[in-house]
Amino acid sequence: NDQTTDLRRAIRHDGPEQKMNVVLITVESLSASYLGTFGNTEHLTPELDRLASEGMLFTQLYATGNRTVRGLEALSLAVPPTPGQSIVRRPANSDLFTLGTVFREKGYSTHFLYGGYGTFDNMNAYYAGNGYQVQDRVSLKKDQISAETVWGVADEDLFNMALRRFDDEAKTGKPFFAQLMTTSNHRPYHFPDGRIDMPQGKRRSAVKYTDWAIGQFLRNAQQHAWADNTVFVIVADHCASSAGKTEIPIDGYHIPMIVWSPKHISPQKVDRLASQMDVAPTLLGLLKFNYTSQFFGQDIFATPTGPQRAFI
């Protein structure tokens with residue numbers, strides 16, 4: 001291949017690879033501006049604010065787009081947004097080099113779990129075509145659903161489905177990587193009653209419910225033996241209300257990311273400018289994985305501290 005156009009490069013790290021389970025929680029429409037950590041005074045995210053103080057908080061991370069499929073594209077493929085349609089929705093989008101590819105090369109099972117119907121936006125076909133085991137709301141029985149909308153089941157139902165899946169995976173002895181996609185923070189902003197002290201039908205209420213569900217999930221997960229060897233990553237797919245006509249409001253792309261694993265990662269802030277397309281290689285760098293990369297994105301811990309960039 002012409003070396004000027006060949007993306008492949010060897011990624012090498014000192015020290016042993018960390019074969020930990022990885023759970024990547026992609027949260028619907030979670031703008032950084034909702035978090036108290038970033039200055040919000042409405043107390044919408046007590047759980048995420050606690051996790052941010054306990055884990056690795058990325059303070060300058062930006063989404064590549066303003067639709068879920070753009071976030072999924074950047075997080076799984078580590079590519080900038082191409083003109084036209086997201087790769088997730090394009091034909092002939094199977095057998096690509098994804099984050100899951102690297103994990104499978106390392107002996108992991110890889111999963112995509114979604115609270116909605118994965119036929120929407122071609123999600124199931126995309127992830128299944130790229131080697132992930134796919135599970136969505138079709139897998140849930142009626143008594144496993146506490147609330148649902150046209151978009152999907154309550155986030156807590158997705159997380160409970162994930163816990164069952166992870167228990168099964170842990171029995172195999174193989175490490176697992178799973179990407180979850182939530183749906184509760186989406187119109188009509190409906191969620192189970194009695195979870196939070198805010199009314200139904202409001203976006204800010206849905207943010208607080210999603211925050212509650214994430215906190216509950218991590219507390220439940222810690223009751224399972226596999227959690228001690230697991231890295232949890234919480235990141236948004238895009239911001240709320242970020243779609244515009246012409247100008248690009250930078251604040252409309254600022255999203256939070258927290259890497260949380262109390263026994264393995266000490267509290268810290270990462271202030272480097274980064275994009276969603278840098279998440280996959282940065283995460284693999286934290287695990288010290290050696291692999292041949294085809295990602296456009298970069299491990300921000302392994303790049304010079306000079307000029308920084310983020311594609312949006």
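Calculated [222 nm] ellipticity per residue, helices only, for the chain: -7500 deg cm²/dmol; basis is -39500 (n - 2.57) per DSSP H run with n ≥ 4, divided by all residues, nearest 500.
What FRET efficiency, computed as 1/(1 + (r/R0)^6) with R0 = 51 Å and r the Cβ-Cβ distance, is obtained for ARG9 and HIS43, rounded to the nearest 0.05? Walk me through the numbers on the way to the answer.
Numbers: r = 45 Å, r/R0 = 0.88.
Result of the calculation: an efficiency of 0.70.
A Gaussian network model of the chain, with springs between Cα atoms under 10 Å, assigns the largest mean-square fluctuation among PHE166, PHE97, PHE177 to PHE97.
How far, in nm, would the chain grow between LYS142 and GLN216 when pulled straight, counting 0.36 nm per residue and subtracting the alpha carbon separation? It would help to have the intermediate numbers written out before the result.
Details: separation 74, 0.36 × 74 = 26.64 nm, distance 2.10 nm.
Stretched out fully, the LYS142 to GLN216 stretch lengthens by 24.5 nm.
Annotation: per residue accessible area for the chain equals 44 Å², rounded to a whole number [probe 1.4 Å, protein chains only]. For the chain, the fraction of 1.4 Å probe accessible surface lying on carbon and sulfur atoms is 50 percent. The aspartates and glutamates within cross-link reach of LYS171, meaning a Cα-to-Cα straight distance under 17 Å and a gap of 8 or more places when in the same chain, are ASP228. Taking 0.890 mPa s as the viscosity and 25 °C as the temperature, the Stokes-Einstein diffusion coefficient of the chain based on its alpha-carbon Kirkwood radius rounds to 125 µm²/s.
The simple Förster model, with R0 at 45 Å and r as the Cβ-Cβ distance, assigns GLN268 and THR82 a FRET efficiency of 0.85. Placing a label point 7 Å from the Cα of ARG203 along the Cα-to-Cβ direction, the residues of the range 179-195 with a backbone N closer than 15 Å are 184-190.
Starting from the Cα-Cα distance between ARG187 and GLN308, subtract it from 0.36 nm times their residue separation and give me the gain in nm to one decimal.
Numbers: separation 121, 0.36 × 121 = 43.56 nm, distance 3.53 nm.
This chain segment gains 40.0 nm when fully extended.
Since only ALA10, GLY297, VAL134 are under comparison, the one whose Cα sits farthest along the positive direction of the charge dipole of the chain, derived from C-beta charges on Lys, Arg, Asp and Glu, is ALA10.
Comparing mean-square fluctuations of GLU148, GLU247, GLU47 from a GNM of the chain with C-alpha springs under 10 Å, the top value falls on GLU247.
Check the range 177-312 and count each lysine pair with an alpha-carbon distance under 26 angstrom, considering only pairs eight or more places apart or from different chains. Close lysine pairs under the 26 Å cut-off: 4.
Relative to one another, the C-alpha centroids of the range 78-132 and the range 215-244 are positioned 19 Å apart.
The values are calculated or read from the model by the stated rules, or taken from the named source; none is laboratory data. For clarity, every value in this text was computed on a predicted model and none was experimentally measured. Using ideal geometry, Cβ is built from the backbone for each residue, glycine included, and neighbour counts are taken over all protein chains shown. SASA here: full protein model, heavy atoms, side chains in, ligands and nucleic acids out. Shrake-Rupley method; radii C 1.70, N 1.55, O 1.52, S 1.80 Å.
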